[in-house]
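See structure below.
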Amino acid sequence: MNTAAVQTLTHHTPKDYQSDLKPIWCPGCGDFGVLSSIYRALSGIGRPPHEIAFVSGIGCSSRIPGYTTAYGFNSVHGRALPIAQGIKLANPDLLVLVAGGDGDGFSIGGGHVPHVIRRNIDLTYIVMDNQIYGLTKGQLSPTSPRGLKTVTSTYGSLEDPVNPLLYVLAYGASFVAQGTPADMPGLVTIIEEGIRFPGFAFINVQSPCVTFGEPDQQLKAHKTAMKSLSSLGHDPSDRLQAMALAQDYGRELYTGIFYRNPDPPPKYNDLVRERQKAMAPTALPKDRILEMFLPE
Amino acid sequence: MHDLIIGMAGSGGDGVVSAGESLITAAAIEGYHALLTKSFGSQIRGGESSCRLRISTRQVFNPNGTLDVAVALNWEDFLRFGGELPVDGHTVVIYDSKTGVAPDNIPLAGVRPAATLAVPIGDMAKQAAGTDKAKNTVVLGLLAGWFGIARHSILAGIRKKFGKKSAEVLEGNERAFAAGVSYAEANPLSGGRSMAAPENGGATQFVVDGNEMCAAGAIFAGCQFFGGYPITPSTEIMQFLNREIWKYGGAVLQAEDEIAGVGAAVGASFAGKKAMTATSGPGMSLKTEMLGLASIAELPLVCVNVQRGGPSTGLPTKSEQADLFQAIFSAHGDTVRPVLAPISVADIFGITIEGFNIAEQYQTPVILLSDQEIGQRKETVSPIDTKTFELIERRRPTANELEHYERFRITESGISPISTPGAAGGDYLASGIEHNEQGAPTASGEMHARMNEKRIKKLHPLKQRRDLFVIAGDPQSPLGLISWGSVAGVALEALDLARAGGLQVKLLIPKLLYPVAEEVYQDFLGSVQAGLVIEQSHQGQLYRVIRMFVDVPDGVQPFNKSGSNPIVAREVLDRLQEMALELQRRRAPELQPAG
């Protein structure tokens, strides 16, 4: 798409990625920690803010693009992934980040997840998973545990939660990680690694809702519960082991990289570019395009 | 004859549609104008299929009604198409004698055709080519022989088509064609029904359907991204772009659903590319939320709806003009989206370019309302001078404006410069939430009102675009016709018939359906006392939309039908003649001497 390959690397401090907008989140929200981890990870990567597109859907966490100096797109509920894919295919030189909540990614927008994975488009998708709908004030979410009582499950939820980690692994995601703002350095590292990964990277962040979340899901609880996968001796190139560990979602808080495909499939956005390049010489000049319809 | 309408029906393997394709190609090469519409049963393969071909020495704009020639390879299949293949007393009916039906006993209730010809089509095919697969080639020979159409070009087409196969197949088909021609010559029709030579013999003509023409227009306009999902009858747009767009630096994403298709197009537009999606009725419903996003984020986008019968799955393979209300009113919130409609296959090329231009200039989604008739019918199209099209690009910020960039700055025109990711200094937040001039989310009702004003005001100049209307006929006439989309082709023909019959009529065809250009309608209706708004929908949607915005004289009535029976020019003319008489009667008392 005739965009010159512009991928600048320069020195930027985390503050360079911070916009003037004040977050609307409740004091103590886990998303603050995710936001500063993103600033720090982006600083580590070094792409200037204007070469980054940051897309989200709807929800508390989906406000996040506005708090950065990247080109942001706070879109509609559940549709961040399709929009991000359009951006990446239109201009593969951009660094494209996607963020949202568990409702956005695994309920209303859940149908898009398998497809972005099988295309392996080079996006980094950060889900702030808090097992509750915060923006609409405390309803059941797709990752809420069975039995949870909320304003829309007065007598307790009757359904099992989605397991986001197992879900994306089963669909064939090549990079799957989990973090928590209770471990900021760890979170910064996996976001940075996710961005550097050549292809679609999925990062589930256990980001507590301080207002509607359960007491045992708060940052303080995370600090004692979290177990780093590396300390367990997990080999991130072992997909089956990653799936076995992912089964513990909801019971254990593992942090780090579950799976990093040592031999990832080609990136869709690269294939698109190659095809464009290969086919360009066969183009009829546009002012003669109707000649395609000459009768034979 | 100057105009010949042939209808053919058979079962899936009989190749009647392929025969229609051969005929339109041959007609185009010889310089005839032609339209080919195809109709199928709902089976995916096999089942009945039919086509209608209208060949004319002059340009024609619609498939018209009753057949001059009806070809029935078997009666069961033919009759399944009912009103799509109407036969009357001037029709020549050709059918396979093998069906065992006696000529005076053909199953057309109450109709005595001008001629009924039982031809051993299947046997001739077997004899000539050794297979009854060549039945359609025999039919081509019969048609060429009896109606004098394009004999040499049809034969050349057969040679090209079967030349790729074995010599045996080619020779068999050549013999089958010759057998058809000889049969016709040996059994001449009484009354002579031979086609006159085309007025523009030998001129270059393209043969193309509306969906492909739309896609070609998109490429010409600079479209570099298409996101979509297969849905009848729009899929050919995606298929064509999937073959071609890469050559022009673009990409097609066949998305997982309609929403993702339009979503990716919105994303590509945000990233600075001209982007498009296409769908039909049910898909349009799914895309509606995303169109609202494009409206508030002020992102250019072209969304094509190739209309079919609805609601829901409705009639997926049949044309209708029943999505006008949806196109105009389905948005949530106060928003205006330009709605355009082409009137023919040739026209959709320019209308698509216009769609991109309006989208880019006004930073808005544009809905292009095509219909199955235009989308899937093949038409001969004369060369189009592409130099006449100006291409418009979105207004990007100047270096100065990037110093203190405000994405949604409230300007005199309502249009604010739009930056592109990658441009330093131009970063902003695009959002579905209401925002201030800088793009920051806001809950201020006052800001919302100002932004609504900006977003709607910027489209006002469209109402002055008189070039997006066809205005024809006698400007002072008290009789007026209004029509749109493919059905406008019927109105154009009715106008010609009226003129030929000495009836003064004027015609207005809006290609811009929304926003409603009140002044254009008011000026047109100034002289009108009676008339018709012709469209293919049950409610008469255009008639009602016009009345929302414009005072329409009581004498102007809706003339609308839903279903797949095309409205024909002759019945429009009949209504106009009645209206003219009524006007005369009403005027008569004024002419009586007082007393």
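Structure values in brief
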{"quantity": "B:D523-B:E185 pseudo-label distance in nm [points 7 Å out on the Cα-to-Cβ vector]", "calculated": "5.8"}
{"quantity": "Heavy atoms of A:Y259 accessible to a 1.4 Å probe, total area in Å² rounded to 10", "calculated": "20"}
{"quantity": "Percent carbon-and-sulfur accessible area, the range B:209-321, ignoring ligands, DNA and RNA, probe 1.4 Å", "calculated": "51"}
{"quantity": "Cα gyration tensor, chain B - rounded (a/c under 1.5), prolate or oblate", "calculated": "oblate"}
{"quantity": "Furthest towards positive pole of dipole, B:P553, B:G502, B:G439, structure part the protein assembly as shown, Cβ charges", "calculated": "B:G439"}
{"quantity": "The range B:403-538: antiparallel DSSP beta bridges as a percent of all, rounded to 5", "calculated": "45"}
{"quantity": "For the protein assembly as shown: accessible area per residue (Å², 1.4 Å)", "calculated": "38"}
{"quantity": "Alpha-carbon centroids, the range A:80-109 and the range B:89-123: separation in whole Å", "calculated": "62"}
{"quantity": "Among B:S166, B:S280, B:N62 - extreme Cα towards positive end, dipole of the protein assembly as shown, charges at beta-carbon", "calculated": "B:S166"}
{"quantity": "For the range B:226-313: rounded, prolate or oblate by the Cα gyration tensor [a/c cutoff 1.5]", "calculated": "oblate"}
{"quantity": "For the range B:373-387, 3J(HN,Hα) per residue [Karplus equation, 6.51 cos²θ - 1.76 cosθ + 1.60, θ = phi - 60°, Hz, x = Gly/Pro]", "calculated": "4, 6, x, 10, 8, 8, 9, 7, 10, 6, x, 10, 6, 5, 5"}
{"quantity": "Stokes-Einstein diffusion coefficient of the range B:31-170, Kirkwood radius over Cα pairs, 10 °C, 1.306 mPa s, in µm²/s", "calculated": "97"}
{"quantity": "Longest to shortest principal axis, alpha-carbon extents of chain A, angstrom", "calculated": "70, 45, 40"}
{"quantity": "Cross-link partners of A:K22 among aspartates and glutamates (Cα-Cα below 16 Å; sequence separation of 8 or more within a chain)", "calculated": "A:D31"}
{"quantity": "Förster-model FRET efficiency, 25 Å R0, A:R275 and A:Y171, C-beta, rounded to 0.05", "calculated": "0.55"}
{"quantity": "Mean-position separation - Cα centroids, the range B:174-223 and the range B:507-574, in angstrom", "calculated": "33"}
{"quantity": "GNM flexibility winner over chain A from A:H11, A:H112, A:H234 (Cα, springs under 10 Å)", "calculated": "A:H11"}
{"quantity": "Whether the range A:129-232 is rounded, prolate or oblate, judged on the alpha carbon gyration tensor where a/c under 1.5 counts as rounded", "calculated": "prolate"}
{"quantity": "Alpha carbon convex hull of the protein assembly as shown, volume per residue in cubic angstrom", "calculated": "211"}
{"quantity": "Antiparallel DSSP beta bridges within the range B:300-428, percent to nearest 5", "calculated": "10"}
{"quantity": "Difference of contour (0.36 nm per residue) and Cα-Cα distance, A:T136 to A:T224", "calculated": "28.7 nm"}
{"quantity": "Rel. contact order, % - alpha carbon contacts under 8 angstrom, at least six apart, chain B", "calculated": "12"}
{"quantity": "Residues whose placed amide H lies under 5 Å from that of B:G531, excluding near-sequence neighbours", "calculated": "B:G480, B:V556, B:Q557"}
{"quantity": "Inter-label distance for A:M243 and B:T204, nm, one decimal - labels placed 7 Å from Cα along Cα-to-Cβ", "calculated": "5.9"}
{"quantity": "Within chain B, helix-based [θ] at 222 nm, where runs of 4 or more DSSP H residues each add -39,500 (n - 2.57), nearest 500", "calculated": "-12000 deg cm²/dmol"}
{"quantity": "R0 of 60 Å, Cβ-Cβ distance B:A115-B:E390: FRET efficiency to nearest 0.05", "calculated": "0.70"}
{"quantity": "Interface area, B with A, accessible, probe 1.4 Å, both sides summed, Å² nearest 100", "calculated": "4700"}
{"quantity": "Considering only the protein assembly as shown, percent of DSSP beta bridges that pair antiparallel, nearest 5", "calculated": "35"}
{"quantity": "Förster radius 35 Å - calculated FRET efficiency between B:E168 and A:R288, Cβ distance, rounded to 0.05", "calculated": "0.35"}
{"quantity": "Other-chain or far-sequence residues with amide H under 5 Å of B:L513's (modelled H)", "calculated": "B:V339, B:L340, B:A341"}
{"quantity": "Backbone N within the range B:353-383 under 20 Å of label point (7 Å from B:K457 Cα along the Cβ vector)", "calculated": "B:361-365"}
{"quantity": "Modelled label reach - B:D257, point 7 Å along Cα→Cβ, the range A:100-116 residues with backbone N closer than 15 Å", "calculated": "A:103-116"}
{"quantity": "Karplus (6.51, -1.76, 1.60) ³J(HN,Hα), θ = phi - 60°, over the range B:70-84, in Hz, Gly and Pro reported as x", "calculated": "10, 10, 10, 6, 8, 6, 4, 5, 4, 5, 4, 8, x, x, 6"}
{"quantity": "Charge dipole (debye, nearest 20) of chain B; +1 at Cβ of Lys and Arg, -1 at Cβ of Asp and Glu", "calculated": "700"}
{"quantity": "Within straight-line cross-link reach of B:K463, lysines at Cα separation under 17 Å, skipping those fewer than 8 residues along the same chain", "calculated": "B:K454, B:K511"}
{"quantity": "For A:62-73, mean number of other protein chain Cβ atoms within 10 Å", "calculated": "5"}
{"quantity": "Set B:K287/B:K378; A:K286/B:K458; B:K126/B:K165; A:K277/B:K273 screened for pairs whose C-alpha atoms are more than 23 Å apart", "calculated": "B:K287/B:K378; A:K286/B:K458"}
{"quantity": "The range A:141-183 and the range B:329-404: distance between their alpha carbon centers, rounded to Å", "calculated": "44"}
{"quantity": "D (Stokes-Einstein, µm²/s), Kirkwood Cα radius, the range B:309-405, 1.567 mPa s at 4 °C", "calculated": "81"}
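The values are calculated or read from the model by the stated rules, or taken from the named source; none is laboratory data. The model shown is predicted, which means the values in this text are computed figures rather than measured ones. We place every Cβ from the backbone using ideal geometry, glycine too, and count neighbours over all the protein chains shown. The area values use the complete protein model at the heavy-atom level, side chains included, leaving out ligands, DNA and RNA. Shrake-Rupley method; radii C 1.70, N 1.55, O 1.52, S 1.80 Å.
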